[in-house]
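First comes the structure, then the notes that go with it.
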Amino acid sequence: MVNFRIGNGYDVHKLVEGRDLILGGVKIPSDLGCLAHSDGDVLIHAVCDALLGALALGDIGLHFPDNDNTYKNIDSCILLEKCVQLVRQKGYTIGNIDTIIAMQSPKLRPHIDDMRQRLAQVMNITIEQISIKATTTERLGFEGRREGVSVYATALLVAEQ
């Protein structure tokens, strides 16, 4: 068994009126939310893809297809729990998670610690194992125009001894 595995995740969601903005399992006050089949938690979706990618198990769409009504409006924390179960079933533990959220507004700094705490709780790891960074794109691109949000995630998995 390889001692460690690294995976990258990336996800994008369109921002629309009439939807809640949920990031890292936390509802963020905003006039726009993510359009999605699930609750639209783009941060969790990118983390799921990073975990699945580290194990070469495909992506979130393979495991939780958006044409399956089982996942309609589902809390993405449930999807993350299932991905973490796969990590453990394959004999790995999470070393750390590093993420970057790109969106112009709202300001996310006041919510980052809550997001880290929620993700730590869902993945049964410590808050120190989770990094969440937020950046605007200086009003450039779809994120800067408030048309959407993108998230990059990296996961390090370590083989259980």
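The values are calculated or read from the model by the stated rules, or taken from the named source; none is laboratory data. Here the structure is a predicted model, which means the values were calculated and not measured. Note that each Cβ is placed from the backbone with ideal geometry, even for glycine, and that neighbours are counted across all protein chains shown.
If you go through region 119-144 and keep only what is crowded, with 21+ Cβ neighbours inside 10 Å and either in contact with a Gly (Cβ under 6 Å, 6 or more places away or on another chain) or not in a helix (DSSP H, G or I) (or both), you end up with Leu119, Ile130, Ile132.
Picking from residues in region 136-152 that are aliphatic (A, V, I, L, M) and under 13 Å from Asp11 (Cβ atoms), the one that is farthest from the chain's Cα centre (by Cα) is Val149.
Matching residues to (1) of a type in the set (D, E, K, R); (2) touching a residue at least 60 places away in the same chain (Cβ under 8 Å); (3) out of contact with any Asp or Glu (no Cβ under 7 Å at 6 or more places or on another chain):
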{"residue": "Asp41", "(1), (2), (3)": "yes, no, yes"}
{"residue": "Ile44", "(1), (2), (3)": "no, yes, yes"}
{"residue": "Asp68", "(1), (2), (3)": "yes, no, yes"}
{"residue": "Lys72", "(1), (2), (3)": "yes, no, yes"}
{"residue": "Leu79", "(1), (2), (3)": "no, no, yes"}
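Out of Gly91, Gly61, one residue alone is over 28 Å from Pro29 (Cβ atoms) and either among the basic types (Lys, Arg) or modelled with pLDDT of 95 or more (or both). It is Gly91. Among residues of region 5-26 being free of Cβ contacts under 8 Å to residues at least 60 places away in the same chain and among the β-branched types (Val, Ile, Thr), the one that is surrounded by the fewest Cβ atoms within 10 Å (Cβ to Cβ) is Val16.
Total residues in region 128-146 satisfying the condition of being farther than 16 Å from Leu157 by Cα and either touching a helix residue (DSSP H, G or I) at 6+ places or on another chain (Cβ under 7 Å) or of a type in the set (Ser, Thr, Tyr) (or both): the figure is 6.
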